[in-house]
Amino acid sequence: MKPHSIIIGASAGLGRALAEELAARGHSLFLISSDIEDLQPLAQDLRIRFNIKVFISSVDLKNFYVHELYADICNQIGEVNNLFLIAGRSDPLKDSGFIDDHFLNHLITTNFLSICQIVNIFLPALSMNQSYNLVGIGSVAGVRGRQKNMIYAASKRGLETYFESCRHWLTRQNGAKVQFYRLGIMNTSMAQSGGPFPMADPHVIARTIANNLGKDLGTTCLPSWWKLIMLIIQNLPWLIFKKLNI
Amino acid sequence: MKQILASLDQNVVIEGDLFKPDRMRHLIEYAQKGGTIRGSGLSYVAAGLSHSGQNISTEFFNRIVDFDEHKQYLKVEAGCTLGRIFEFLTPKNLQLPVQPGYPAITIGGCVAGNVHGKNHNKDGVFGQHILELTLFHPSHGTIICSPSRHSDIFDLTIGGFGLTGLIIDVTLKLKPLANREMHISNMTAQSLFDGYEKILSIKQTADMALGWFDLSNPQSKNLGKGFIMHGQYSFHNENKSDNEKILPSLNSSPSKRYKFSLINSYTLPIINFLYRHKNIYWTRKQTFNLEKMLFPAYGKEAYFLGFGKSGFIEQQNLIPFDQVESYLKEFIICLKKHNIPVALTTMKLFDNGKEKFLSYDGSGLSFTIDIFNNLASQDFLSDLDKLNCRVGAKTSILKDSRLPTKIIQYQYKEYDTFKRELLAFDPKRLFQSELSLRIGL
């Protein structure tokens, strides 16, 4: 039987690339995003090109009921084999210094709280089988606090810790494998430019994520050369770090 | 974000704001303000770029949204490429009836250019196979148009250079694919006119025909020698393996061009000599996979890069049948007078075409040349413009990036009608491009 995969944040960028990659591998998909205008054509495209089952649901992570979403998914797709939490939101210009309270809540809800709620409700089901997978997306932005992306980076670092805990718990339950990716800058509409670094192709990242299903990876960097950059940034003495306009 | 953007021939290089929305609501938000709609960015004449307004890419809107194998139609978003459609349709033994020669070209671009393939005498132009399209314009909202519904807007959009607004999706008629392979034969041509007569002689039997000629050295005794490549679908499926993934890499960015011209007046005669002899003596008969026939420029991207930063100019002329002989004679005289080496010379037939607005359509011999972009070439093309006007030939607006407006007005009888109707539809002229500004639209 082909696996059933849920993608939260499927309408654009990495989520969409992952939907295409999994569809090509024959997965039945449940795609979730706030943009129904993009989910519908994407679902149609995947059904037509790959002859698979695709279900969609329009959910705004800022304002949703996790029990309703869970019931909707279970009713339509049944057993869940892979859960991908891709959704995220960043705005480096607004997320710096004093941040508007409403926007601060929005960033924490979308990048951390809602993701934790969704993972939490699926945890019992994910603990039932070792072949299941729980996949989360972090960011290299979370490696060290800096003046830009303050709340986004904090949320992603928090999420990384939560996934680490999930991995520990699920391993002790003989449950799902956990993969958490600290992603470098990708060529999507969310990233205007990679600065001095080349931007990764979401389709290449999606292929790697799909290839890694079933592996007990824990936390890792994609593309892998970001490990070196992160190591340098992490170990930069404060005297130097404080002078950097990053 | 400001970027250096260029036409494929490198004749137009500008700094412009390029936006690549990946959500429909963002795409519509950008289109609300007007600008230039950009597909793959491979226009020869800067139809998809603008220095003053925003350049809005449809790259991410490339989904197949409806398909009926039995009724033989396909609905795709405007950013969907020919290569993606080819990969999808070929295993189902279906194809688009008309396809230009590079897989990265988008369906939106095909609509806006009302493009042709190598089978015009059989299947006409792209616009003839469009069942319906969805257009967005800030003043009119979303309009679904077809030959029978809002036909005036439909006609204005087909071959309208993207000036009527944002094409969201297009429903296309399909045709059965006889085979995934084509048997190709090459016939020797002793001159341009000999080649023309040979193409005429096979037009009823060949599924596709194209002439290639060597005009690389205007003073050579071999001037005009070439071959006619004609193909027929194979009756047997000798190779049933799946298509390879099509990964087009052609890019109009100046940064991708070689710093100096690898294709020049010294190397060109050698390249052309080898290419002609290869096709006449070594590969006279071959069986090609379909993608190699449909997309001849695929895999030959180095040709475009080889002209270097100064680029090239392509001119494509539709010569009335009764003028072909005298035109080709005068063309050779003009070529010798200016001593212009021609990098690429091809010809194909157009038949039973309909002249509408600014579309390159009609009946006659479609004759194409690529030359270096320099002052001598500009003088040569000015003389060629006069010859074209004298014999009633029509020059493709989408190929020649220096074609003067007065020549277009002379050759395209409906230029004023198109301009008037475009202005009536969009009095604020929200959608502009370097092309539209240059040719007075």
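Below, the figures for the structure above:
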read-out	value
Distance (nanometres) between label positions extended 7 Å along Cα→Cβ at residue A:74 and residue B:59	4.3 nm
Alpha-carbon Debye profile of segment A:4-241, log10 I(q)/I(0) at 0.15, 0.16 Å⁻¹	-1.04, -1.19
Mean shadow area of chain B, taken as a quarter of the surface of its Cα convex hull (nm²)	19.7 nm²
Spatially proximal lysines relative to residue B:419 (Cα-Cα < 17 Å; intrachain offsets below 8 disregarded)	B:356, B:406, B:428
DSSP H segments from chain B that extend 18 Å or more along their own axis, Cα-based, with Kyte-Doolittle mean of -1.0 or above	B:324-338, B:375-391
Equivalent ellipsoid, the protein assembly as shown (semi-axes from 5 times Cα gyration tensor eigenvalues, Å)	51, 27, 25
Potential extension, residue B:71-residue B:273 segment - 0.36 nm per residue separation minus Cα distance	68.0 nm
Student exercise, segment B:164-279 dipole from Lys, Arg, Asp, Glu Cβ charges, in Debye to nearest 20	340 debye
Span-like helix ranges in chain A, DSSP H, alpha carbon extent 30 angstrom or more, Kyte mean at least -1.0	A:150-172
Segment B:136-208 and segment A:91-147: distance between their alpha carbon centers, rounded to Å	49 Å
Computed FRET value (nearest 0.05) for residue B:264 with residue B:337, which takes r as the C-beta separation and R₀ as 22 Å	0.55
Cross-link pairs B:92/B:175; A:62/A:148; B:354/B:394; B:309/B:399 - those with Cα-Cα distance over 20 Å	A:62/A:148
Segment B:181-406 shape via C-alpha gyration tensor axes, a/c threshold 1.5	rounded
Qualifying lysines (Cα of each under 16 Å from Cα of residue B:292; at least 8 residues distant if same chain)	B:118, B:240, B:245, B:300
In nm, spacing of pseudo-spin labels at residue B:416 and residue B:321 (7 Å Cα→C-beta vector)	3.1 nm
Choice from B:71, B:203, B:122 showing the highest fluctuation, given a GNM over chain B with Cα pairs closer than 10 Å	B:71
Exposure proxy ranking, count of Cβ atoms within 10 Å, fewest first, for A:96, B:151, B:261	B:151, A:96, B:261
Chain B: most fluctuating residue of B:177, B:398, B:375 per GNM, C-alpha cutoff 10 Å	B:375
For segment B:64-177, alpha-carbon Rg relative to the globular expectation (2.2 N^0.38 Å, N residues)	1.00
Scattering profile of segment B:340-417 at q = 0.24, 0.27 Å⁻¹ [log10 I(q)/I(0), Debye over alpha-carbon scatterers]	-1.32, -1.52
Residue B:305-residue B:283 FRET efficiency (beta carbon distance; Förster radius 30 Å; 0.05 resolution)	0.80
Within a Gaussian network of chain A (alpha carbon springs, distance under 10 Å), most fluctuating of A:148, A:177, A:156	A:148
Two-site FRET efficiency, residue A:165 against residue A:233, from Cβ-Cβ distance with R₀ of 25 Å, rounded to 0.05	0.55
For residue A:56, residues with placed amide H under 5 Å, excluding near neighbours	A:31
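Rule-based calculations on the coordinates, nothing more; no lab input. The structure displayed is predicted, hence computed values, not measured ones. Every residue, glycine as well, gets a Cβ built from its backbone with ideal geometry; the counts of neighbours run over all protein chains shown.
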